[in-house]
Structure formats: C-alpha cells, structure tokens
Amino acid sequence: MYEVIRRDEIVPNIHLMVIKAPGVADKAKPGQFVIIMPDETGERVPFTISDWDREKGTISIFFLEVGISTAKMARIQSGGKLYSVAGPLGIPTSIDKLGTVILGGGCYGIGAIFPIARAMKEAGNRVISIIEARSAYLLYMEDSLKEFSDRLIVSTFDGSKGMKGSVQKVLTKLIDAGEKIDQSYFIGCTFMMMKCSNVTRSHKIKTLVALNPIMVDGTGMCGCCRVTVKGNTKFACVDGPEFDGHEVDWQELFARKSLYLKEEAMAYQTYR
Ligand code: FES
C-alpha cells in the first residue's frame, strides 16, 4: 500500500496527489508515468509523474476526476492509501540543448509539462511554455512553470485570462510572428495534441506528444495501449509515451480511446 501524503482539488475537478513511493521517486525522470490501482479490485490507470522529491521519497501527479477510478482517488484524504503504484514507466524525455523549446499543456498536461520545462531549462534551452484552460479559474501551476520558463503564455477559451483561445492558437501566433522553434512538445487532451501537431507539421518543427491510450499492465504485455506511428504498431507504455506528433494515426487513437466510453459513463454515473 502507498500512503497519500496530500490530495487537494487545486482547481475544480483537477486534483494534486502527493504519494509516498520512494522506489518511484528515486528513479523518476521527466516524461515518465506511473500506473495506479486505487484499490485491490480497481482498474489500472496511467498518470504522468509531474514532480518528485527523492529525499522525501514522494511523487506528485495531477488528475481529473473522469470515471470510477479517479472518483475513488478524489475521495482519498491525506494519510489514505492507494493499493498499487507501479513505475516509473515509459521512456524518459530526451533532454538536450536544442535552442528554443515550446511546451504546450492543457488539463492534466499543465502539470505534466512541468518536469520537462525544468529539465529543458536546466539544459540551457530557451523555454516557452503555453498553457490553456476553459476559464481562468481552471488554471494552475503558473508560478512553478514561470520559474523554469523564459516565457509563460496563458490562454483561456473564454478570454478571462491571457490570450483568448487555445495552445494551438498561441502557437500559430508565435510562428506567424517569426518565432524560431527548435522543438515542440504537447501534453493534454488528444484533440489539442493533434491540432498542435497539425500546426507544426507545415512548419517542419519537430513535435513530440505524450500519448495516453487505455493501458492495463504498462509493461508491453497486454497490447491494450497499441498505437500506430509512421504505419507501425507501437505500445505507448514501453515504446512511448512520447511519439512524433506528425506520425501518429490520430483517428485510430480517438477510436481506441473511446472504445469503452459508454460503459465508463454508465459505471461512473451509478458509482456510489
Ligand atoms: Fe499493456 Fe502497454 S499497457 S502493452
């Protein structure tokens, strides 16, 4: 069992969870994830590791309450327990000195881009972070990202803070204004990652996305997380989660992610 040190709903429906998991904290690198089982009979759900403290032996994740598993997690208070935390999983982000790096995040992805922003900044890159939310009250991590970004650009769909629009819109404006971008990286909802990849494709900007298909074992054995990249079948858990956004078969990913939507919605609605 893994102790939950802290669980806070930091903005409506988005939770920060700090978990005592020394084995994971000791090895965690930017871009990696854990698979959590909230209880003994729960499903296994992947979450990007947003931060870690090797001395305290803790890791931090951000999650949205979207189904039964995350509803169970959202009810755990400080001092509560998780049945299983497996990780760190996945290939870490390659951190190199590249020049100007764009990081775009939405929803849980705002927290997920943080360790990459920090590592990229520490590697000597010029880091531009772009975050999006439906409205100002759904934004978080601004100060943390500011610390490791040369520029933090905030966007909201309703225009209540920062630029009105999305990561994709900010990205387009930056490119149109002549910003030279050496690499871009997007984490968040599949739609946002696809749209941003479409923008950078025409400008030949290397683009990485962290895919989040359905996962079970997280070690390459079940095949649930398969995605098609450049015409080849890949397992997001062991070959990713990071892939070239210009090579991903997005339509297949949408279809596979929505396989159990009806069942998940029914189960969540009737969960007590
Ligand atoms: Fe089973 Fe990736 S989650 S193969």
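Just give me the residues in the range 238-257 being within 13 Å of the ligand (Cβ to nearest atom), at pLDDT 95 or above and touching a Gly at 6+ places or on another chain (Cβ under 7 Å), in sequence order.
Val238, Pro241
If you go through the range 39-57, how many residues are free of Cβ contacts under 8 Å to residues at least 40 places away in the same chain and out of contact with any helix residue (DSSP H, G or I) (no Cβ under 8 Å at 6 or more places or on another chain)?
Residues flagged as free of Cβ contacts under 8 Å to residues at least 40 places away in the same chain and out of contact with any helix residue (DSSP H, G or I) (no Cβ under 8 Å at 6 or more places or on another chain) within the range 39-57 amount to 2.
Please go through the range 207-223 and pick out each residue that is within 19 Å of the chain's Cα centre (by Cα) and not acidic (Asp, Glu).
If the condition is that a residue be within 19 Å of the chain's Cα centre (by Cα) and not acidic (Asp, Glu), then Thr207, Leu208, Val209, Ala210, Leu211, Asn212, Pro213, Ile214, Met215, Val216, Gly218, Thr219 are the ones that fit.
How many of the residues making up the range 173-215 are in contact with a His (Cβ under 7 Å, 6 or more places away or on another chain) and open to solvent by 20 Å² or more (accessible area, probe 1.4 Å)?
Of the residues in that region, 2 qualify.
Looking at the range 72-84, which of its residues are part of a strand (DSSP E or B) and crowded, with 20+ Cβ neighbours inside 10 Å?
Leu82
Among residues belonging to the range 21-42 that are of a type outside the set (A, V, I, L, M, F, W, C) and buried (at least 18 other Cβ atoms within 10 Å of the Cβ), point out the one that is farthest from the ligand (Cβ to nearest atom).
Result: Pro30.
The values are calculated or read from the model by the stated rules, or taken from the named source; none is laboratory data. As the structure is a prediction and not an experimental result, all values here were calculated from the model. Virtual Cβ from ideal backbone geometry, glycine too; neighbours counted across all protein chains shown. Just the protein is used for accessible areas: all its heavy atoms, side chains included, with ligands, DNA and RNA removed. Shrake-Rupley method; radii C 1.70, N 1.55, O 1.52, S 1.80 Å.
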